[in-house]
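The values are calculated or read from the model by the stated rules, or taken from the named source; none is laboratory data. Worth saying up front: this structure is predicted, and the values here are computed from it rather than measured. Methodologically, a virtual Cβ is constructed for each residue, glycine included, from the backbone with ideal geometry; neighbour enumeration extends over all protein chains shown.
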Amino acid sequence: MHSKYGLLVLNSKNVQKLKQLLTSAATSLSSRLYIRLNPDQPRTDELVSKIYLNSANSCPKLDVRLLVSDIPGKIENYTAIGEEKPEKIEKIEKKYKKVVLGGTFDRLHNGHKVLLNKAAELASDDIVIGVTDKEMILKKSLFEMIEPVEFRIKKVVEFVEDISDGAKCLAEPITDPFGPSTRIKDLEAIVVSRETIKGADAVNKKRNEQGMTQLDIIIVKLIEGSDEILNETKISSSSKRREDLGVLLRPVRKVPRETDRPYIIGLAGGIASGKSHIGKYLKEKHGFDVIDCDKLAHTCYEKGSSLNRKIGEHFGSDILIDGIVDRKKLGSIVFSDKSKLRELSELVWPEVKSKAAEIVEKSTAKVVVIEAAALIEAGWHKSLAETWTVFVPAEEAVRRVVERDNLTKEQAIDRMSSQITNKERIDSSNLVLCSLWKYEETRAQVDRAVNDLMKRI
């Protein structure tokens, strides 16, 4: 049985066996590894980076934390990794009282920890952190998958106060490049990466304009990584988000299912998201039954159908010609008025849902996929065990619609505005897929999702 927590004590002798010790931790622990440096092993920026880089490679599933403080008192039971025992460390006077840094801190990873460790080494009183949100994150790759800012703040504060020896972590959301760095007068230093030195210079310029003291700029080299898809050369949140594509992000719902009946999942996605391609792949490669609700909706408009009658009653009998809906006239009404579009949708969705239920009832497949652009808007996801959403960035969707449907950019944007955003879909989904890259990459995400799904059911 794996222990939850572990402690690795490094000194001048065993630091050479770091990779071996981290590999041992990976096989012995289930949650977190604390690392303490004994007095004979100097703490250097190079060593800190080495520890976190090797941890990312040798024990990627463990939450590794290099302590600035003594062993946290709240951790009573831990497994010792290696044979070294922690020796008493004399408390070192910190260089600054208050330091500041900023970042997105999504999916707190070892690259973040290098920066946060540096701040904890330097500050005796306050570590002030600006956590970017709203407009500040919109240019990030896969920003729609970024964790809520409250969650990111909680993670950062918990980490910093866990590793430090008394300094308080004061984190807040920021929607501009400066945040608390130009508001708090008695800050003394700012911790940045080489890529964000210009930001530190801008902070000092603004502080100078406001008559504040200049901050010492502490530069930390970020640890290297590799992501050929995103063209990243450092461990980054973007890469971590991409790794989460095709992985269950939220627990599935407990939906009653009779023995030998299909497991039903929802597949949602906006215009030109690649949803239909994924639906086809799930059917052809994995043998799932896929119900295309967008196509199914068209069958609801057959002459004399109950849907046509309801539409005539709601929007006026002149919308019907010989028992058939004049789609052009109906479109001119609903696509220029979101409230009218919603009214139409609330007539269409129950009809489609009823037809889809009939198909599910006859299915003999192990898994049935309800593929619907408006699955989440209709609220169907609430009755399904899990919902998968496929998306591409909005600008890519616009480009695809313009190319595919021969529309102007303005017309494509107008069409997309009638749907909920990628972010809203993702926030209501259990699993996310992105079709931004080559087909092979998308299919790899789907295969990963299906493999895990089959284990769940």
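Only one of these is of a type outside the set (Ser, Thr, Tyr), touching a helix residue (DSSP H, G or I) at 6+ places or on another chain (Cβ under 9 Å), assigned to a helix (DSSP H, G or I) and under 25 Å from Arg342 (Cβ atoms): Ala374, Ala356. Name it.
None of the others qualify; the one that does is Ala356.
Would you confirm, using the coordinates I've provided, whether Lys139 is more than 23 Å from Asn57 (Cα to Cα) and assigned to a loop (DSSP other than H, G, I, E, B)?
Spelling it out, Lys139 is indeed more than 23 Å from Asn57 (Cα to Cα) and assigned to a loop (DSSP other than H, G, I, E, B).
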| query | Within region 179-225, which residues are crowded, with 17+ Cβ neighbours inside 10 Å and either at positive phi or β-branched (Val, Ile, Thr) (or both)? | reply | Gly179, Thr182, Ile190, Val191, Val192, Thr196, Val203, Ile218, Val220, Ile223
| said: Name the residue that is modelled with the lowest pLDDT, counting only residues in region 1-35 that are basic (Lys, Arg) and under 31 Å from the mean Cα position of the chain (by Cα). | reply: Lys4
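Quick grid of which residues meet (1) hydrophobic (A, V, I, L, M, F, W, C); (2) at pLDDT below 95:
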{"position": "Met212", "(1), (2)": "yes, no"}
{"position": "Ser226", "(1), (2)": "no, yes"}
{"position": "Ser237", "(1), (2)": "no, yes"}
{"position": "Arg261", "(1), (2)": "no, yes"}
{"position": "Leu267", "(1), (2)": "yes, no"}
{"position": "Gly274", "(1), (2)": "no, no"}
{"position": "Lys283", "(1), (2)": "no, no"}
{"position": "Gly287", "(1), (2)": "no, no"}
| in a strand (DSSP E or B), within 14 Å of Cys59 (Cβ to Cβ) and among the hydrophobic types (A, V, I, L, M, F, W, C): does that describe Leu33? | yes
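Is it the case that some residue within region 86-98 is farther than 17 Å from Ser164 by Cα and either assigned by TED's automatic domain parsing to the domain that holds Ile127 or out of contact with any Leu (no Cβ under 6 Å at 6 or more places or on another chain) (or both)?
At the first step, the residues of region 86-98 found to be farther than 17 Å from Ser164 by Cα are 87.
In the following step, the residues that additionally are either assigned by TED's automatic domain parsing to the domain that holds Ile127 or out of contact with any Leu (no Cβ under 6 Å at 6 or more places or on another chain) (or both) were identified as 87.
Yes, because at least one residue in region 86-98 is farther than 17 Å from Ser164 by Cα and either assigned by TED's automatic domain parsing to the domain that holds Ile127 or out of contact with any Leu (no Cβ under 6 Å at 6 or more places or on another chain) (or both).
Considering only residues that are in a helix (DSSP H, G or I), more than 26 Å from Ile321 (Cβ to Cβ) and not basic (Lys, Arg), which ones fall in region 276-303?
Residues of region 276-303 in a helix (DSSP H, G or I): 276-284, 293-299.
Going one step further and asking which of them are more than 26 Å from Ile321 (Cβ to Cβ), we end up with 276-284.
If the condition is that a residue be in a helix (DSSP H, G or I), more than 26 Å from Ile321 (Cβ to Cβ) and not basic (Lys, Arg), then Ser276, His277, Ile278, Gly279, Tyr281, Leu282, Glu284 are the ones that fit.
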| query | Residues of region 145-160 being touching a Cys at 6+ places or on another chain (Cβ under 9 Å), more than 13 Å from Arg107 (Cβ to Cβ) and crowded, with 17+ Cβ neighbours inside 10 Å, which ones? | reply | Val157, Val160
| request: Could you check, for region 386-393, whether at least one of its residues is of a type in the set (D, E, K, R) and either farther than 30 Å from Glu441 by Cβ or outside the structural domain of Ile420 (by TED's automatic domain parsing) (or both)? | output: no
| query | Taking region 116-133 as the search range and keeping residues that are within 21 Å of the chain's Cα centre (by Cα) and more than 12 Å from Leu187 (Cα to Cα), which one is surrounded by the fewest Cβ atoms within 10 Å (Cβ to Cβ)? | reply | Asp133
| Only one of Asp125, Asp106 is more than 23 Å from Arg194 (Cα to Cα), at pLDDT 95 or above, assigned by TED's automatic domain parsing to the domain that holds Lys154 and not in a helix (DSSP H, G or I); which? | Asp125
| task | Look at region 29-47 and say how many of its residues are surrounded by fewer than 17 Cβ atoms within 10 Å (Cβ to Cβ), touching a strand residue (DSSP E or B) at 6+ places or on another chain (Cβ under 9 Å) and of a type in the set (Ser, Thr, Tyr). | result | 2
| Across region 189-205, what is the number of residues that are over 27 Å from the mean Cα position of the chain (by Cα), touching a residue at least 24 places away in the same chain (Cβ under 8 Å) and over 20 Å from Tyr96 (Cβ atoms)? | 1
